[in-house]
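Asks: First, the structure itself, so that you have it in front of you.
The values are calculated or read from the model by the stated rules, or taken from the named source; none is laboratory data. Please read all numbers here as calculations on a predicted model, not as lab measurements. Here Cβ is always computed from backbone atoms with ideal geometry, including for glycine, and neighbour counts include all displayed protein chains. Ligands, DNA and RNA are excluded from the accessible area calculation, which covers all protein heavy atoms including side chains. Shrake-Rupley method; radii C 1.70, N 1.55, O 1.52, S 1.80 Å.
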Amino acid sequence: MLKSTPFIWKNGELIKWEEATTHVLTHALHYGSAVFEGIRAYETDKGPAIFRGKDHYTRLKASADIYQMPSPYTGDQLLEATKELLAKNNLKSCYIRPLLYYGYGSMGVNPAKNPIDVIIAAWEWGAYLGQEALDVGIRTTISPWQKFSDKALPTKAKCAANYANSLLAKQDALTRGFDEALLLNQEGFVAEGSGENLFLIKNKSIFSPPSSDGALEGITADSIKTFIKDLGLPFEEKHVSKESLFEADELFFTGTAAEVTPICSIDNVTIGSGKKGPLTHQLQQQYFETITGKHAKYSDWLDFI
Ligand code: PPE
């Protein structure tokens, strides 16, 4: 169960969590006509800070634009609203879910006659795949569900509808006793996890699939790529074949929710040492230090409440 908080922000106001309900004929509930973000805030020595809030709200705007949803609020307004929400809820370390959706008013696929509602909810949410996942790593499987092509749905937009594909893959993985799914695209290259981007390490070089292979342009992945560049490590964006996965020295997932999660096996085949690898460990540590404000170099990424 979600750990509720006193308030949720909706259309410019703070309302009670229990009262943040919606009509059953809300358009988004029927047609997936919603775009959203997942953001985290962490406790730092200078108080709670939202990690890369501006970038998340920029991506929300981009998702909305792709679907021609005019947002009633600017990114800056939503970031301010997020700060107010966290302060009023007295939240320190938490997950933040902004959602822009077509509300109640008319049925039928055409969304245009519905109002656009905006909510921001925040609550305490620990490790997405469990603490052990971060320490030891997770067991993954290659999904029988293919990642949809960007010719079918824009993979760049974080649209609720995309997550039907993720849900099928995740559900299947869990049913078969794995922790998470890896989705391949139509060409057979790795796109991403059900809610994470993938990184591969081979002979001390780091690789990640291009977004054109069906991956969301992850903000966590972008932070990791920045660390890689600043540390002077070799990095290349390239197609990741299924075969190359099994030959990898290390594999890890990134995501706001999943943070930096090592992968220790795929379909019961051990990857590398079968434990968190040294480069994964280094980048994970750098990520945790950065989000908790321990690297002045990346302080621009933090918005204090
Ligand atoms: N790919 C997908 C499909 C995805 O959903 C996410 C985030 C990422 C990659 C990583 O993106 P970023 O968070 O910007 O690094 N998934 C969000 C939702 C997870 C959920 O179960 O809900 C998240 O991590 O917040």
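Asks: Take Leu86, Leu233 and sort them by solvent-accessible surface of the protein heavy atoms, 1.4 Å probe, largest at the top.
Replies: Numbers: Leu86 0, Leu233 45 Å².
Result, largest first: Leu233, Leu86.
Asks: In addition: Restrict the search to the range 183-268; then list the trypsin sites (Lys or Arg not before Pro) that DSSP places in a loop and that have at most 16 other Cβ atoms within 10 Å of their Cβ. Walk me through the intermediate numbers first.
Replies: Details: sites: Lys202, Lys204, Lys225, Lys229, Lys238, Lys242; in loops: Lys204, Lys238.
Within the range 183-268, the qualifying trypsin sites (Lys or Arg not before Pro) (loop, at most 16 other Cβ atoms within 10 Å) are Lys204, Lys238.
Asks: Give me the three principal axis extents of the chain from the C-alpha atoms, as integers in angstrom, largest value leading.
Replies: Computed over the chain, the largest-to-smallest principal extents equal 54, 46, 32 Å.
Asks: Roughly how far apart, in whole Å, are the Cα centres of the range 1-35 and the range 99-114?
Replies: 15
Asks: In whole Å, what are the Cα extents of the range 173-303 along the three principal axes, biggest one first?
Replies: On the principal axes, the range 173-303 reaches 42, 30, 30 Å in Cα extent.
Asks: For the range 166-262, with only Lys/Arg (+1) and Asp/Glu (-1) charged at the beta-carbon, what is the dipole magnitude about the Cα centre, in debye rounded to 20? Intermediate values should be presented prior to the final figure.
Replies: Details: 8 positive and 17 negative charges, 15 e Å.
I would put it at about 80 debye.
Asks: Short version: ³J(HN,Hα) in whole Hz for each residue of the range 150-166, in order, from phi by Karplus 6.51 cos²θ - 1.76 cosθ + 1.60 (θ = phi - 60°), x for Gly and Pro, what are they?
Replies: 6, 7, 9, 9, x, 6, 6, 8, 8, 9, 3, 4, 4, 7, 5, 5, 4
Asks: Here is a further query. Mean separation of Cα pairs under 8 Å and 6+ residues apart, divided by the residue count of the range 186-305: what relative contact order is that in percent? Mind dumping the intermediate values first?
Replies: Values: 189 pairs, mean separation 28.7, N = 120.
About 24 percent, as a whole number.
Asks: Oh, and also: Compute the helix-to-body angle for 75-88: its Cα long axis versus the longest principal axis of the chain, expressed 0 to 90° and rounded to tens.
Replies: 90
Asks: If you wrap a convex hull around the Cα atoms of the range 1-98, how much volume per residue is inside, in Å³? If you can, show how the numbers build up before the last one.
Replies: Working: hull volume 10.9 nm³, N = 98.
Looking at the range 1-98, the number lands at 111 Å³ per residue.
Asks: How do Leu279, Leu14 stack up against each other in accessible area, from largest to smallest, with a 1.4 angstrom probe?
Replies: Details: Leu279 20, Leu14 50 Å².
Ranked list, largest accessible area first: Leu14, Leu279.
Asks: If packing is taken as the mean number of other Cβ atoms within 10 Å per residue, what is the order of 114-121, 159-166, 43-50, 293-300, highest first?
Replies: Details: 114-121: 19.9, 159-166: 18.0, 43-50: 16.5, 293-300: 13.8.
Final packing ranking: 114-121, 159-166, 43-50, 293-300.
Asks: About the Cα centre, and with charges only on the beta carbon of Lys, Arg (+1) and Asp, Glu (-1), how big is the dipole of the chain? Nearest 20 debye, please. Numbers along the way, then the final one.
Replies: Numbers: 31 positive and 37 negative charges, 51 e Å.
Magnitude of the dipole: close to 240 debye.
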